[in-house]
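Just below is one structure, and these are the notes that go with it.
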Amino acid sequence: MVSLSADIGRRELTLADKLRGIQWGLVLLLAMIAGIGFAMLYSAANGNLQPWASRQMTRFAIALVAMIAAALIDIRYWFRSAYWIYAISLALVVAVDLRGIAGMGAQRWIGLGFVQLQPSEIMKIALVLALARYFHGVSTDNAGRLRYLAAPALMVAVPVALVLKQPDLGTAMMLLACGAVLFFLASVRLWIFGAAALIAAAAAPLAWSMLRDYQKARLYTFIDPERDPLGAGYHILQSKIALGSGGLFGKGFLHGTQSHLSFLPEKQTDFIFTMIAEEFGLVGGLALLVLYILVILYAFAIALRSRSQFGRLLALGIAAAFFLYAFINTAMVMGLIPVVGVPLPLISYGGTAMVTLMLGFGLVMNIGIHRDVRISRLGESRLG
Amino acid sequence: MPNESQRHKLFTRRAALLAGGQALLGSLLAGRLYQLQIVEKDRYTVLADENRINLRLLAPQRGRIFDRFGVTLADNRHNYRVVVVPEQAGDLEATLTALASLIEISDADRRRVLRDARRKHSFVPLAVRANLSWAEMARVEVAIPELAGVAIEQGMIRHYPHGATAAHVLGYVAAVSEKELTGDPLLELPDLRIGKSGIEKSQDIRLRGAAGTSQVEVNAFGRVVRELAHRPGQPGEDVVLGLDMAIQDFVARRCAKEPSVSCVLLDATIGDVLALVSSPSFDPTLFSTGLTQAAWQELSTDPRHPLVDKAVGGTYPPGSTFKPVVALAALDAGVITADTAVSCPGHFDLGTATFHCWKKGGHGTLHVRDAIKESCDVFFYEAARRTGIDRIAAMARRFGYGSAVGLDIAGERGGLIPTRDWKLATTGTGWQPGETLIAGIGQGSVSATPLQMAIMTARLVTGRAVVPHLLREGRLPPGGDQQAPAFAALGINPRHLALVLDGMRAVVNEQGGTAYAARMSDPALAMGGKSGTSQVRRITQYERDHGLRKVTEIPWKERDHALFVAFAPIAAPRYICAVVVEHGGAAGGGGSAVAAPICRDVLIETQRRDPARRLPGPVAQSGPLARPGGG
């Protein structure tokens, strides 16, 4: 068996090989999650496909094609383009800062004629891609050395700073966490994490002074949501009421009172998990979480079977980003963490996050397809 | 490749740690979901229901008021108002302009609607105008298909079919004022009206009923999505009065001939108030639709006090109508008897002071019966002097004077019966003997309401402590009340009572009696009574010396009041009438000249209708007696 797999690894993969290698189980899981999203967007519009569900379906169809395409492209192409993709994403983030459209008190979108792009969403995958490439070329011994960490630290810090300036606390947190996960998987020594945490704690008062008033209000509200039930605490309180009143089996599809009577804010975007848990109860909420876990387990399985450090880091980096999306969003609507603008992956209404995440899973599948392809430090293939 | 395999091993270990961390965070989420959705489910379910379910109160229909025969005195009418929903109207200004071509809309109304439209949610209906007439409503109704967002809403308004006729008895309703709020949410309903005076006020709780509720589902903006449950309110109880509206109407029209009159008509046997009039009156319906400032100003500044129920709330010196009480006090004390003779030279001297009789030349010698008949002041000066003020006061109290009897409407006053102790307590000075004489003719500090004068008369004819009441247990049964309530006996010597009543019979029915001119032509309907003329202003010695001014030269407000109390029929007295004509009426006459004819007309009409026994319906007999006053 060992020699057989080595044989496969030695020759270039044909398109047929690649198609056979696609993880159709993963595709099915992603489609199921997106399907839940369509149903909830249909419910959010009081039983109408317009204005959200139908557009989200179109986006998913496009994203599905993009995902398959991303999975079939040779992994070495992705490896070589990693820094370019990062650079372009960074440029887009800067562009948002320069001439973005103000929306919801923060600048996050960039108009591209027919679509609006949220570069900070793309940045999450681009950062993982760039860090995976960087740490692929750094040996385990060097990964423990501080001077090898300056470049990747900068790669994380620059977009974080730019996104914070927008200001988008949620995305900044996610970029930072994704970076940390990559550092951790790349075997960076644990004491460095400890030191970074200490520095962060020391810098916290400074960061606090730089926060916008509404961000401070969100943090206050997080600590005591009932402090201002009609103002900043309204969202989280209404979300908890919706969740709690859902009970074990929920109020039934299309019968969520909190969401349908408009007590629940942003029900089609950031608070869509609340709607799921209100209409389908604890059972529905847990079922969705299980689907997310299965997706992440898929990514772990693919990562552990990959022969390249780049593939392993990229697969788990994307899985971590996906986990962070799901965790931050659900923890926020449950009142576990402050209200931050992070969508529920593959379900919240919104195009950029959907396409970006699907591209991310395209990369994960790509790693699965190309698990035996070895990549040199500079990116040219080196057969087994 | 040891380096690569070592890197893979390290990666796998770190990946396992990462998975562990994610599992930990994942179970945190699951735990939190369990806490919110299972442990705290009930609490959040309640909060969710509080969010979406709005309990709205429905105003109950106010109880109606009937007279003894079931004639409606107060009921509820539909009130139409035109409302506009800005959301449906689109161009609100254009809609208002179109409406203004159909019904009158003032600039103030227009501004209010436009202002409210900016302040409120666009789905909230705004009242453009209330109290539409039938014709106005019809015009709007026809045009509604072209007027987007315009609708006619129906409310209830209190209606008094007889207008001003029994306004003081019924009272009126109006919007709840700030200080009447008790925390009962019903009182906070914007359309609720509560009783402000009369029966409407005293029986308000009974009439009000219990609020219904409507459970509606609302969204976060307060828009009603649907009604979940509807519980109609309990309409208020109906209230039946002892009043006979036909007689009340007659009395009101008879009294309206003089500027300011009050009249009380009682059934002495059972205490029913058959009519209670304070003239001039007001239309209580005006208060339910909302009184204009000008109308309020006119009502509240009229010197004849149309808003005050003078029949129970006006106090007057009873004058000579008080003499029967003084006579009974003297007889009861034994200081006079039926045969005690007193000589009247036209004045009575007490020390250096001189007290005059109304008859300048004097009455000559007379006994108590004729002293009542001719209303001799000197006889009663002497009787009062012998009896003393405290015994007179005690007797007056037994006849209902000096304190309110507790009629079932508010606004009743108690009048005043002076005593030695009262004088000392209020002025700090001792009682003067002359004051007893003045009290003996119902003047000075003595004051009483027309209601009390009627009570005195009712007690005289029955010998019992009659207490009048407006409310009845139910409508009059066919054949009249079978059982009269047993009022406690006053315990006064019946021979004394008979003597006084004989004097009162003579007042009207014997030549020389003060009200002989007001006697009935039909002896079967004949009444007995007592006249009174009470001074508003003291007659000065200068005036006595230089001749009294003609009444027409005295300003109206300074003229004497004319009073008369009467009972009928003589043989078996049942109907009691007391009349006070403020300042002697338009022509300015005394009790016998102005008040007695009113009593006569009222008692003739009452006996013809005989409300204590008769069934309702038109009076069979009609003739010159039907409208003695001429309508």
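Note down the magnitude of the dipole of chain B about its Cα centre, charges +1 on Lys and Arg C-beta and -1 on Asp and Glu C-beta and zero elsewhere, to the nearest 20 debye.
Value, rounded to 20: 920 debye.
Tell me the relative contact order for region A:259-384 as a rounded percent, counting alpha carbon contacts under 8 Å between residues six or more apart.
28
B:Arg397 versus B:Ala16, label points 7 Å from Cα toward the beta carbon: distance in nm?
Here the modelled spin labels are 10.6 nm apart.
Over region B:318-458, one equal point on each Cα, no solvent: what is log10 I(q)/I(0) by the Debye formula at q = 0.13, 0.17, 0.22 Å⁻¹?
-0.54, -0.90, -1.36
Looking only at other chains, what is the average number of their beta-carbon atoms within 10 angstrom of each beta-carbon in A:184-190?
Mean shielding by partner chains, rounded to a whole number: 4.
Estimate the FRET efficiency between A:Ala95 and A:Tyr214 by the formula 1/(1 + (r/R0)^6), using the beta-carbon distance for r and 25 Å for R0, to the nearest 0.05.
Here the calculated transfer efficiency is 0.55.
Please give the per residue volume of the convex hull enclosing the alpha carbon atoms of region A:17-369, rounded to a whole number of Å³.
Cα-based convex hull of region A:17-369, divided per residue, equals 136 Å³.
If each Cα of chain B is one equal point scatterer, what is log10 of I(q)/I(0) from the Debye formula at q = 0.07 Å⁻¹?
Debye intensities relative to I(0), on a log10 scale: -0.58.
Can you check what the net charge comes to around A:Leu324, using other residues whose Cβ is under 13 Å from the Cβ of A:Leu324 (Lys, Arg +1; Asp, Glu -1)?
Cβ neighbours under 13 Å give a net charge of 0.
Count, for each residue of B:44-54, the Cβ atoms from other chains sitting within 10 Å of its Cβ, then give me the mean as a whole number.
6
Nearest 0.05, what FRET efficiency do B:Asn219 and A:Asp141 give at R0 = 51 Å with Cβ-Cβ as r?
Efficiency, rounded to the nearest 0.05: 0.20.
State the answer as a single residue: which of B:His496, B:Ala404, A:Ile85 lies farthest towards the positive end of the charge dipole of the protein assembly as shown, with beta carbon charges of +1 for Lys and Arg and -1 for Asp and Glu, about the Cα centre.
A:Ile85
In deg cm²/dmol and to the nearest 500, what is the mean residue ellipticity at 222 nm of the protein assembly as shown if only DSSP H runs of at least 4 residues count, each as -39500 (n - 2.57), divided by the residue total?
It lands at -15000 deg cm²/dmol.
Which values, in whole Å and largest first, are the semi-axes of the equivalent ellipsoid of region B:56-240 obtained as the square root of 5 times each eigenvalue of the Cα gyration tensor?
33, 22, 15
How long are the three semi-axes of the equivalent ellipsoid for the protein assembly as shown, computed from the Cα gyration tensor as the root of 5 times each eigenvalue, in whole Å, largest first?
104, 27, 24
Let me know the mean shielding of B:18-30 by other chains, meaning the per-residue number of their Cβ atoms within 10 Å of its Cβ.
5
Evaluate the distance, in nm, between pseudo-label points positioned 7 Å from the Cα of B:His121 and of B:Arg495 along their respective Cα→Cβ axes.
Taking the simple label geometry, B:His121 and B:Arg495 are separated by 8.6 nm.
Which of the chymotrypsin sites (Phe, Trp or Tyr not before Pro) found in region B:190-299 are loop residues per DSSP with 15 or fewer other Cβ atoms within 10 Å of their Cβ?
Within region B:190-299, the qualifying chymotrypsin sites (Phe, Trp or Tyr not before Pro) (loop, at most 15 other Cβ atoms within 10 Å) are B:Phe221.
Run the simple label-point estimate for B:Glu4 and B:Glu50 please: 7 Å along Cα→C-beta, distance reported in nm.
Using points 7 Å along Cα→Cβ, the separation is 6.5 nm.
If R0 is 60 Å, what FRET efficiency do you get for B:Glu553 and B:Asp107 from their C-beta distance, rounded to 0.05?
E between B:Glu553 and B:Asp107, to the nearest 0.05, is 0.70.
Throughout, read-outs are computed from the coordinates displayed, never taken from laboratory work. Since the structure is predicted, the reported quantities are computational estimates derived from the model, not experimental observations. Cβ atoms come from the backbone with ideal geometry, glycine included; neighbour counts cover every protein chain shown.
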